[in-house]
């Protein structure tokens, strides 16, 4: 493994923005607001984020945000094009967030995604997320107006 997963650090924010600009350039539909909140604006004890580094270069991110004592949602799972499918960057980011969700005793993990992210949808299915209707989301979960597909993973807490 030539990359590492670290908790978000403010020093990574500029590189995350650059990575996101590159990902946005791959798609015709605008999915991110370049003037919107950055990870550094929302990270706190209820909004945890991790960064994948290839040496010192940011190649991925993921976040886990608390909804209530029993549930959370995944956000900002993005991997730079050149790092996708290589050495399990996406899987390691997801495993990191899910491991933390178990430690925090979250029973339900939700997420929303966009129709155009077909590879992401296959990835979630492979990781035992089930597709659910928007109406099944907790009312407290913030939903991006761009998200049209929603998933749920039930943690097996022992």
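Just a few scattered comments:
Quick grid of which residues meet (1) under 29 Å from residue 140 (Cβ atoms); (2) under 14 Å from the mean Cα position of the chain (by Cα); (3) assigned to a strand (DSSP E or B):
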| position | (1), (2), (3) |
| --- | --- |
| 26 | no, no, no |
| 29 | yes, no, no |
| 33 | yes, no, no |
| 41 | yes, no, no |
| 49 | yes, yes, yes |
| 53 | no, no, yes |
| 58 | no, no, yes |
| 61 | yes, yes, yes |
| 67 | yes, no, yes |
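- In the range 1-24, residue nearest to residue 149 (Cα to Cα) [restricted to those that are outside any helix (DSSP H, G or I) and more than 17 Å from the chain's Cα centre (by Cα)]: 3
- The range 18-49: number of residues that are surrounded by 10 or more Cβ atoms within 10 Å (Cβ to Cβ) and closer than 16 Å to residue 83 by Cα: 7
- Within the option set 98, 111, being assigned to a helix (DSSP H, G or I), closer than 20 Å to residue 60 by Cα, in contact (Cβ under 8 Å) with a residue 12 or more places away in the chain and in contact with a strand residue (DSSP E or B) (Cβ under 8 Å, 6 or more places away or on another chain) holds for one residue only, 98.
- Exactly one residue out of 13, 24 is at pLDDT 90 or above and touching a helix residue (DSSP H, G or I) at 6+ places or on another chain (Cβ under 7 Å), and it is 13.
The values are calculated or read from the model by the stated rules, or taken from the named source; none is laboratory data. Note that the structure is a prediction, hence the values are computed from the model and not measured. Heads up, the Cβs are rebuilt from the backbone with ideal geometry, glycines too, and the neighbour counts pull from every protein chain shown.
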